[in-house]
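To start, the structure itself, in structure tokens.
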Amino acid sequence: MKKRIVSLALIVIIVLPAVMLSSCGKKSLVPDSKIEGSSLYVKKVDGLSEGFILGMDASSVIAEENSGVKYYDFDGSERDVFEVLASSGVTHIRVRVWNDPYDADGNGYGGGNCDVETACKIGKRASDAGMKLIVDFHYSDFWADPSKQMAPKAWKSMDIAEKTEAAYQFTRDSLKKICEAGAEIAMVQVGNETNGSLCGERTWFNIQYIMAAGSKAIREQCPEALVAVHFANPEKAGAYLDYAWRLDYYSLDYDVFASSYYPYWHGTLENLTEVLQNVADTYGKKVMVMETSYAYTPDDTDFSGNTISDGSAVTKNYPYTVQGQANCFRDVVDAVSKIDSGIGVVYWEGTWISVGSESWEENSALWEKYGSGWASSYAAGYDPNDAGKYYGGCAVDNQALFDPDGKPLESLRVFNLVRYGNEVEAVADAIEDVNLIVDLNGRIELPETVNAVMTDDSKREVPVVWDITEARLADMYAGGVNKYEVTGTADGLAAHCYISMVEFNFLENYSFESGDLTGWTLDDKGGADELYVEDKSTDSLTGKYHMHFWSAKSGSVEFTLEQTVSDLPAGNYKFSVSVMGGDGGEQEIYAYAKPSAPARWR
Ligand code: CA
């Protein structure tokens with residue numbers, strides 16, 4: 001009898017939570033407590049609100065699965081990937097929607113062939129795992145980003161009034177289908193990275209019509225959902241306040257001002273916080289990061305080149321390791337959570353991995369058939385200049401949160417652990433690269449210690465053993481102006497020293513390796529937004545530093561950089577200078593040496 005009472009009580013305890021959950025939506029797999037036992041170091045983000053969105057864009061998942069990709073749980077058993085995401089702390093799934101990503105014969109353009117039906121499948125499975133959906137309308141048949149915003153084929157010849165009506169209908173009909181499929185839509189974007197163009201329109205007067213049509217449809221079809229606008233390049237000074245001002249000027253009805261933030265392209269976290277805070281304060285909007293990601297390895301895993309890898313000309317503030325990836329995501333969450341109206345961060349395509357075949361040819365056959373690469377050859381007719389030339393596989397497989405076999409990386413657990421912290425003992429995670437510039441007449445002196453980047457993102461000096469021989473050194477001395485890489489081992493990890501052999505330079509601080517303008521006189525005539533010595537080895541011809549210039553203001557990059565060389569004996573001297581930059585349009589750059597006593601040179 002007593003036993004029966006005990007078992008009855010147990011039944012009551014088990015049943016109650018189920019009843020409570022069913023009364024407030026589908027059963028969530030998202031844990032409401034800390035995942036224990038992880039080796040991942042995660043510094044707690046203080047003040048993270050309970051409802052803070054920690055999302056994952058999983059737009060390619062269906063195409064991946066169709067290509068044969070399987071996903072696994074942390075215990076190694078095959079499992080629905082949405083359940084793995086939810087149980088790791090992912091709260092929202094984001095999915096892009098293209099109007100008609102197929103050619104006339106029904107062949108998919110790739111990039112997940114993300115039509116409305118695909119969004120329905122993803123939304124249903126996200127909902128079954130207890131996660132909400134963010135719908136990302138590109139208002140295009142294929143990728144829309146700052147470099148291209150092409151109208152759907154069917155809308156191409158429409159005037160703005162017709163296109164506005166089409167955007168309204170498409171948004172309303174698509175959301176209806178996605179809702180009816182079982183998705184719980186929390187947010188909808190009217191456009192993707194719409195930096196000054198959308199749906200083939202290039203004036204804000206027309207862009208806002210498309211956005212307003214989308215917003216109206218969202219309010220009618222999904223009144224509970226937030227309406228989001230989405231831009232990229234927070235590092236461009238003044239751009240976000242300008243976009244927000246225009247949207248305010250046209251009285252666009254929206255709730256969330258969202259940004260992409262790829263840390264290797266998009267400036268500092270401090271700047272990200274500042275520009276989003278400015279928009280939030282000035283226009284009373286919620287703000288968030290809608291896309292971010294980072295590499296866990298420099299290596300490509302699907303025979304199709306990646307966006308970032310060793311040697312990429314990007315800012316590398318974290319090592320390309322599983323821990324570096326987690327630290328990066330944690331810091332983006334921290335940067336957004338510092339803003340009172342910062343509501344979330346979404347990781348981009350963390351489930352997009354290699355389709356797993358042994359060669360480019362075999363993978364290519366799967367990308368073509370199922371759309372699991374970034375673009376198939378069938379997209380050439382719609383997007384001839386990009387997809388038509390460069391179609392292929394995945395460029396972000398090394399930024400996924402699953403390995404090439406579909407096993408989750410420990411970094412996936414940062415979604416849960418960022419709420420609680422997991423400050424395990426820090427160990428060395430990677431060795432910071434060493435850059436040496438050596439005069440051809442000088443001596444190569446490899447350092448005896450290097451900096452280990454610890455799992456908690458601090459640095460510690462550790463001894464290093466370089467893999468170098470006298471014969472190799474002799475080759476370097478004899479090799480003239482050249483570049484070399486020497487590898488080594490420190491704290492059990494690989495170390496890399498990059499050596500630039502250079503001719504003797506008569507200029508002081510000629511490569512700005514002091515980290516400042518020592519020796520130089522700078523005259524900023526134009527008032528550029530950015531004009532300083534920058535610590536960024538990937539932009540530097542030699543060493544770590546270079547003179548950086550950039551400006552959003554037309555014609556404002558106008559400056560001189562000058563140095564006087566004294567006591568130069570009479571003789572013949574070679575003169576050269578290197579500059580690196582981009583996106584500058586027409587540029588005129590002059591380099592010249594002025595002899596101080598012209599009479600003697602005649
Ligand atoms: Ca790849």
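Observations, loosely collected:
- If you sort Asp340, Asp242 by accessible surface, 1.4 Å probe, largest first, the order is Asp340, Asp242.
- Using a probe of 1.4 Å on the protein chains alone, the accessible area found for Cys328 is around 0 Å².
- Across the accessible surface of the range 266-333, with the other protein chains kept in place and a 1.4 Å probe, carbon and sulfur atoms take up 44 percent.
- Ligands, DNA and RNA are left out, and with a 1.4 angstrom probe the accessible area of the range 404-540 is 52 Å² per residue.
- Using only side-chain charges placed at the Cβ, +1 for Lys and Arg and -1 for Asp and Glu, the dipole size of the chain relative to its Cα centre rounds to 1640 debye.
- Accessible surface of Tyr243 - all protein chains present, 1.4 Å probe, nearest 10 Å²: 30 Å²
- Proximal lysines to Lys574, defined as alpha-carbon separation beneath 18 angstrom and excluding residues fewer than eight positions away on the same chain: Lys594
- Backbone N within the range 446-484 under 20 Å of label point (7 Å from Met580 Cα along the Cβ vector): 481-484
- The DSSP beta bridges internal to the chain are antiparallel in roughly 45% of cases.
- Extreme residue, positive dipole direction of the chain, given options Ala161, Gly238, Ala104 (C-beta unit charges): Ala161
- Divided by 2.2 N^0.38 Å, where N counts the residues, the Cα radius of gyration of the chain comes to 1.09.
- Per atom type, the range 376-502 shows carbon and sulfur on 46% of its accessible surface, probed at 1.4 Å.
- Close amide H contacts of Gly344 (hydrogens built in the peptide plane, cut-off under 5 Å, sequence separation of 5 or more or a different chain): Ile53, Val289.
- A dipole drawn for the chain from +1 and -1 charges on Cβ atoms has a positive end, and of Thr487, Ser87, Trp360 the residue lying farthest that way is Ser87.
- Accessible solvent surface per residue of the range 204-281, calculated while the other protein chains remain in place, 1.4 angstrom probe, Å²: 39 Å²
- Accessible-area ranking of Arg472, Arg96, Arg202, largest first, probe 1.4 Å: Arg202, Arg472, Arg96
- Solvent-accessible area of Tyr510, all protein chains in place: 80 Å² (probe radius 1.4 Å, heavy atoms, ligands and nucleic acids excluded).
- Dipole magnitude of the range 81-235 about its Cα centre (Cβ charges: Lys, Arg +1; Asp, Glu -1), debye to nearest 20: 200 debye
- Computed over the chain: relative contact order in percent, which uses C-alpha pairs under 8 Å that are six or more apart: 14 percent
- Just so you know, the Rg over Rh for the range 286-392 is 1.05, from Cα atoms, with Rh as the Kirkwood radius.
- 5 angstrom amide H check on Val97, placed H, neighbours 5+ away: Asp136, Phe137, His138
- A helix-only calculation puts the chain at -8000 deg cm²/dmol for mean residue ellipticity at 222 nm, using -39500 (n - 2.57) for each DSSP H run of at least four residues, averaged over all residues.
- Overall dimensions of the range 212-263 by Cα: Rg and Dmax, Å: 12.4, 36
- Largest-first ordering by accessible area, 1.4 Å probe, given options Ser578, Ser304: Ser578, Ser304
- Counting all C-alpha pairs of the range 37-146, share separated by more than 24 Å (%): 34 percent
- The separation of the range 71-93 from the range 475-518, counted between C-alpha centres, amounts to 45 Å.
- The range 261-314 and the range 398-432 have Cα centres separated by 18 Å.
- Positive-end residue, the chain charge dipole about Cα centroid, Cβ charges, pick of Leu531, Val227, Ile62: Val227
- The apolar share of the surface of the range 93-214, taken as the fraction of accessible area on carbon and sulfur atoms (1.4 Å probe, ligands and nucleic acids excluded), comes to 50 percent.
- Under the span-like rule (Cα at least 27 Å along the axis, Kyte-Doolittle mean at least 1.6), DSSP H helices of the chain: 2-22
- Under the convention that each Lys and Arg Cβ holds +1 and each Asp and Glu Cβ holds -1, the size of the dipole of the range 226-347 around its Cα centre is about 140 debye.
The values are calculated or read from the model by the stated rules, or taken from the named source; none is laboratory data. What you are looking at is a predicted structure, and each value in this text was computed from that prediction instead of being measured. Virtual Cβ from ideal backbone geometry, glycine too; neighbours counted across all protein chains shown. Accessible surface is based on the protein model in full, side chains and every heavy atom, while ligands, DNA and RNA are left aside. Shrake-Rupley method; radii C 1.70, N 1.55, O 1.52, S 1.80 Å.
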